[in-house]
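All remarks here apply to the structure that follows.
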Amino acid sequence: MSAPILDVQQVSLSFRGIKALTDLSFAVEKGEICALIGPNGAGKSSLLNIVNGVYRASSGRIIFDGAPFDRPTPMAAAQRGIGRTFQNNALFHRMSVLDNVLTGLTRLGRCNLLEIAFRVGRHPAERRAFRQRADEIIGFLEIGAYRDTVVGGLPYGLQKRVEMARALVASPTLLLLDEPIAGMNAEEKTELSRLIAEVNRVFGTTIVLIEHDIGVVMGLSHHVVVLDYGRKVGDGTPAEVRRNPEVIAAYLGTRH
Amino acid sequence: MTLHKTLALFGALLLGSTSLSAAAHAADHDGQQLYPLLSYRTGPYAPSGIPQWAGIRDYLTYVNDVQGGVDGVKVFVQECETAYTVERAFECYERYKNGYDGAPVAILMGTSSGFDAAASEKVRADKIPLVTNAGGREDAVDGSVFPYQFPLLFDYWTEASIVVDYVAKQVGGYDKLKGLKIATLYHDSGYGRDTIEPLATLSKKYGFEDIEIPVPHPGEQQQAQWQQIKQQAADWVFFRAWGVMAPVGIKTAARVGFPADHIIGDIWTGSEEDVRPAGTAAKGYLAVSVFPSGTDFKVSQTLKKDVIDAGKGDLKDQSKFGSVYYNAGLVTAIIYIEALRTGHKQFGDRPLTAAEGQWALEHLDITPQRIEELGATGLLSPLKVTASDHEGSPAAKIVQWDGKEWHAKTDWLNGDRALFHDAIFAKAAAYAKEKSLPAREAATN
Amino acid sequence: MTAIISQAPADRPVLTPRTVLLALGLVILAVVPVIGSDYWLNSLIVPTLVMGLAGVGLNLLTGYAGLVSLGSAAFMSIGAFSTYNLILRVPALPLPVALIVAGLIAASAGVLFGLPSLRIKGFYLSASTLGAQFFFEWLFTNFHWFSNDSMSLTISAPRLAIFGHDLNSPVGRYSLVVVTTLLLLWLAHNLIDSRIGRDWMAIRDMDTAAAVAGIPVGRRKLLAYGVSSFFCGIAGALWAFCYLGTADAHAFDLDKSFQVLFIVIIGGSASILGNFLGAAFIVLTPIALDILVQALGLDGIVDHGTVSNMLRIVFGAIIILLLIKEPDGLASLIGRLARRLSARPSRGTP
Amino acid sequence: MFFLNVLTSGLLSGLMYALVAIGFVLIYKASGVFNFAQGSMVLFAALTFVVLNEHGLPFWAAFPITVLVMIVGAVLIERLVLRPLVNRSPNTLFMATLGLSFVIEGLAQALFGSDVHQLDLGIDDMPLDLWGLQISTFDIFASAVAVVLVAVLAVLFSKTRMGISLRAVADDTLAAQSIGIRLPRIWQIVWSVSGLVALVAGLLWGARQGVQFSLSLVVLKAMPVLIIGGFSSIPGAIVGGLLVGATENLADIYIGPLVQGSVSTWFAYILAVAFLLIRPSGLFGETTIARV
């Protein structure tokens, strides 16, 4: 068995003395869809924030693709191939769908300021290549009709897709999705779950997602990690987790 | 709806006013001489401006209405608000430099040192003579380098020597200056720093200690600086303030216990506006005065009778009549009119062109007799301008504030201008070199 | 507001209002020196263009990258004083090169004073640019070297010549301003329309998300300060030498910085055209009001002080009114007008 | 001793800066507006008072009338400027207050003229020698007024109904509105109170330097004070004011001579930036954690 793509080792996090995560460890294998589940406030989003450098862990470390982060910053995470969407869409509201997606490619840009300012050298080619790549992803996520629309006015479900497109466009090896299908109707949920599975299958992207809808989670993911009060209470295949008494307790509201 | 409103607003302003201004050209001012008055009636410097404009306007009204014009030529005043900014002044300058409505510009009387300094190149290019009363750049006295600039009446270098001269007289002669401490408290700007060099020269010559202390603009806090003056035990203070810095300084001096009668204010630190807000602290305060205040001059009495009492005056607040700034305006207008008269003798009684105005200024000679005829004895010092000397004969009085009004302590003092002659002309030469200006031909007579 | 964002544009017509405006603008710029008087060129058009250019500079920073600056005039003064000293002390340097180097010097100062933006957010950030404002005004006043020991601390126009062509005439200065402005506008457009411009807007809209998307937020912020100051620097040099002719440090005081900010807000943030509309408003309104008063003959009736103060009140009131009525600035007003005009003929003819 | 004197005079002027800054803070707290017109309000209030005073009204009559004028002004500003601009960007609001400052300054000069007025509060400004420190009666009076004013404001905001609503608005505008606090009313009150603060500051400053246009320039001194103290903290404004006053006075005397001139025009800002690098929201400003 190859080394895991993401290895979370004894990670703890606290805000002003309040513990958000305690000694959390788990691993995500290359190519799998791993779901993080747990009640509100279990620390799931905090964990994603640590993985891509928005927060810094109080202790413990993250090994990504065989190496830890020297200085965990969102930029470093993005550069090493971690894409991310947020729970409450973090789009650039006054920009078009295409422009939003294109921002995801910016770190791959190679031309310098002068080439850009004077539209010479590598710039025209890069510009064309970026547009093509962005259009590919926009097409893949089926939002081509809104390509030139300003995102601020799009419905919530579409915004989620735009955000996913932005995260995907630079071909990340790991994609972190924070509640990608929350707040959608059944039809939209099915649609998006299909797309997520498709991304995983077509691009081979490893996906870690947070989701509350157990039905969707069980159908979609290969691996489930359950958090409660900042601790891991379950870890395994959907079938294993489903049988875990602690998980059942956490979910049925039987508090220990 | 909003679209229309905003458009109407914007459009009416821009298009409407320009077309109206074109329509206004129908009025005819042929045969008159244009006096563009670049005023500032708003902003922090308005208090010093408003009485000046009144002094200018009242005298011109007198010339126009009572004397029937200058040798029959009426002066047409066009006022343009600059808010004391250089760029607004430039726009005014550009608007009126080629005359307005048939009336040409012969001489431009400058109103703010910022504009006068910045206009240097413009007037050279446009060949329009610019007069800056008591406060232009010193090196512009060299008419061969600055043919279109006339820093008449006074300059800050001469002022420095007058102050030292006055101090010497008080302590009993120049030989007593040795070991004395004269502190200069100056507004930290080009204007304020202008006396650093001449004072260094004077200090070297007479052996007094020259202490230079800057006050940052606008100067509403001077406690530290005055404490420094006390600490260094200065004997006299040459106080070169501007605006609010003056009353604050005088009050602070009183607070630290520095005697007011050992502070000598600069010419722009010696008006009623400077001392009144300081209240009793200003009693005994001295100042250099190029524009003596007062209403006793014959010309003032004439104006009072023929203009002010006739309801044609420009002052809203009559108490300003005869104030330092009002009289500064008066002096400005008198010099302007005398220059026109000089020109009329040479070119005939008609509106002069800028070239003729420049000739007139270079041949301006206001003798004591002429001053007496004008009823301005004591108000104006004799003035003789030549093509090589664009300043005339700088002179000032030392005046003292008694809590209500200014009193002259001395007659006109001339200072030691010869001492600086070489330094100033060397600066002019350096300027000519930097700009690679051709040497001007000897003045044509 | 919703009208602008909710509709996806249809296929583009060949003559968009934008291209029409652009073409119209170019024609006007070319025709003006032929028909306009020196007064128009020197006192109205040149300052409008130069202030518009400074507005573009600030807009890149504020409108696109969402960063505050209250010190644009400081960077303008750096441009002006650098150009002056470069031409004075390195006589071999051609004017365009001097302008570019001066722009780069202003840009490095911009980057320096932009450094706090890596840590400070929001209006607090104005502290550093305000500091720049006062610092440079002080520097250029207190150290005479910068004005070549001039008695009046002023710097005056160096030889304005390009390849032997003397530009020291109203038309010459106008041409220099127009050509420089157009060139810089092209550069600005290229930047905005590139990944750099997108990164700026992304940072403006949400900087945490921008970092997660892989945008080097800190570097882009500094770049915004640099580019903005480069534009302001060149605008400052043009202001000093093509408009004023002679300038001192006080020609670039806090009021000038505020004017540039007015231009951006009134013209429309994140709009290039808007800057010139804003500049026209700021430069021309006081003059227009002044002329209006004279033309109406109010000058003689009411006393002058009252008139001047009333004009100040009216100017302030117009600014407030514009802010209230045109939230997106004059640019959107013109946009609406253009749409209305282009819609009219199609309605009229069957 | 000289050092101490310079320091004290700096601290005393700092107290005056703080007074202007407090007016700012009140408005920023309640409406999020960075009110550049605060300086013009100081000018307007002082001019109104001094002109009434010159027309023969005694202090006890002129003061309340001026306060009344400031209240009317506050209501007008809220109606005509703030209300139509609600929910707009801080930049726009800042610009609006700049426009407002033109209007107020123009109005002040059109109504009351451009003259420099002498203002005599009847308090002696001659130095008392306290163990070598030179402090005048006026200084002591001004400090006392500042302290009383701050104390009154503190009581007002912690004990009265109005003060509690104000704090609620400052903490969470939406929540405050949802429990029935009327925002326009709060704004009117806050602008009135800051008009009162402007009047007090204007009288104290005006007594020193004469009531004239340059009173409105104190706003430039207040800005670094605010940045150091935090836009939304009254204690911050006071500490910031003292800090700025003391350091710029010391800098002028001790650093100035090294660099050929006074440095206080920019020194405070550089100091402010240095402070911000350590505490990005000012000394007493609230820090916020970015939530994503």
Residue with peak Gaussian network fluctuation, chain C [Cα springs, cutoff 10 Å], from C:Leu337, C:Leu60, C:Leu182: C:Leu337
Taking the range C:38-253 and dividing mean pair separation by its residue count, relative contact order in percent (alpha carbons under 8 Å, at least six apart): 44
Distant-in-sequence amide H partners of B:Glu79 (H built 1.01 Å from N, under 5 Å): B:Leu37
Average beta-carbon neighbours from other chains, 10 Å sphere, peptide C:260-270: 2
Set of lysines with alpha-carbon distance to B:Lys435 below 25 Å, sequence-local pairs under 8 removed: B:Lys97, B:Lys122, B:Lys127, B:Lys427
Whichever lysines have a C-alpha closer than 21 Å to that of A:Lys189, once near sequence neighbours (fewer than 8 apart) are set aside: A:Lys44, A:Lys160
Label-to-label distance, nm, for residues given as B:Lys409 and A:Ala27 (7 Å Cα→Cβ offset): 9.5
Neighbour-count ranking [beta-carbon atoms within 10 angstrom, fewest first] of A:Ile18, C:Ile192, B:Ile196: A:Ile18, B:Ile196, C:Ile192
Helix A:156-168 axis, angle to chain A major axis (alpha carbon atoms, nearest 10°): 80
Per-selection Kirkwood Rh - chain B (Cα, Å, 1 d.p.): 22.9
C-alpha center-to-center spacing [the range B:331-395, the range D:1-65] in angstrom: 49
Shape parameters for chain D, alpha-carbon atoms, Rg then Dmax in Å: 19.2, 62
Sorted by Cβ neighbour density within 10 Å, fewest at the top, the residues B:Tyr40, A:Tyr55, D:Tyr17: A:Tyr55, B:Tyr40, D:Tyr17
Mean projected area in nm² (Cα convex hull; one quarter of hull surface) for the protein assembly as shown: 55.9
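Can you pull the mean other chain C-beta count within 10 Å for peptide D:118-130?
Per residue, the number of nearby Cβ atoms from other chains is 2 on average.
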Percentage relative contact order, the range B:168-233, counting C-alpha pairs under 8 Å, at least six apart: 37
Kirkwood-type radius of the range A:94-170, with distances r between different C-alpha atoms, in Å: 12.8
log₁₀ of I(q)/I(0) at q = 0.18, 0.21 Å⁻¹ - the range D:108-217, Debye sum with one point per alpha carbon: -0.96, -1.09
Quotient of Cα Rg and 2.2 N^0.38 Å for the range A:90-235, N being how many residues it contains: 1.18
Part-to-part distance (alpha-carbon centres) for the range D:232-280 and the range B:138-183, which is given in Å: 37
Alpha-carbon centroids, the range A:66-116 and the range C:156-230: separation in whole Å: 24
The range A:101-256 - percent relative contact order, Cα under 8 Å, separation 6 or more: 16
Scattering curve values for chain A, log₁₀ I(q)/I(0), Debye with Cα scatterers, q = 0.09, 0.17, 0.18 Å⁻¹: -0.41, -1.35, -1.46
Long pairs among B:Lys304/B:Lys404; B:Lys304/B:Lys397; B:Lys320/B:Lys409; B:Lys283/B:Lys305, criterion Cα-Cα beyond 30 Å: B:Lys283/B:Lys305
The protein assembly as shown - Cys residues lacking any other Cys C-beta under 4.7 Å: A:Cys34, A:Cys111, C:Cys232, C:Cys242
Antiparallel content of DSSP bridges confined to chain B, in %, to 5: 30
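Find the all-direction average of the projected area of the Cα convex hull for the range B:156-289, expressing the result in square nanometres with one decimal place.
The Cα convex hull of the range B:156-289, projected and averaged over all directions, gives 6.9 nm².
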Principal axis dimensions, chain C - Cα atoms, whole angstrom, descending: 70, 63, 45
Cβ-Cβ FRET estimate between B:Ala418 and B:Gln231, R0 fixed at 45 Å, reported to 0.05: 0.80
Residue exposure sequence - C:Arg220, C:Arg198, D:Arg185 - by fewest surrounding Cβ within 10 Å: D:Arg185, C:Arg220, C:Arg198
Prolate/oblate/rounded label for the range B:291-412 (Cα gyration tensor, a/c 1.5): oblate
Size descriptor, Kirkwood hydrodynamic radius, that averages inverse alpha-carbon separations across the range D:8-115, Å: 15.1
Solvent-free Debye scattering, log10 I(q)/I(0), computed from the Cα coordinates of the range D:224-278 at q = 0.20 Å⁻¹: -0.65
Shielding by partners - mean other protein chain Cβ count within 10 Å, residues of B:236-249: 2
Antiparallel DSSP beta bridges within the protein assembly as shown, percent to nearest 5: 50
Under 18 Å from the Cα of B:Lys230 - lysines, other chains or at least 8 residues apart: B:Lys181, B:Lys251
Directionally averaged shadow of the range A:30-112, computed from the convex hull of its alpha-carbon atoms, nm²: 7.9
Spread of Cα-to-Cα distances over 5 Å intervals beginning at zero, given as percent, for the range B:389-437: 5, 16, 15, 16, 13, 11, 9, 7, 6, 3, 1
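Here, each number is a calculation from the coordinates, and none is a lab measurement. Only a predicted model underlies this, so the values are computations on that prediction, with no experimental measurement involved. In this analysis, Cβ positions are derived from the backbone assuming ideal geometry, glycine residues included, and neighbour counts consider all displayed protein chains.
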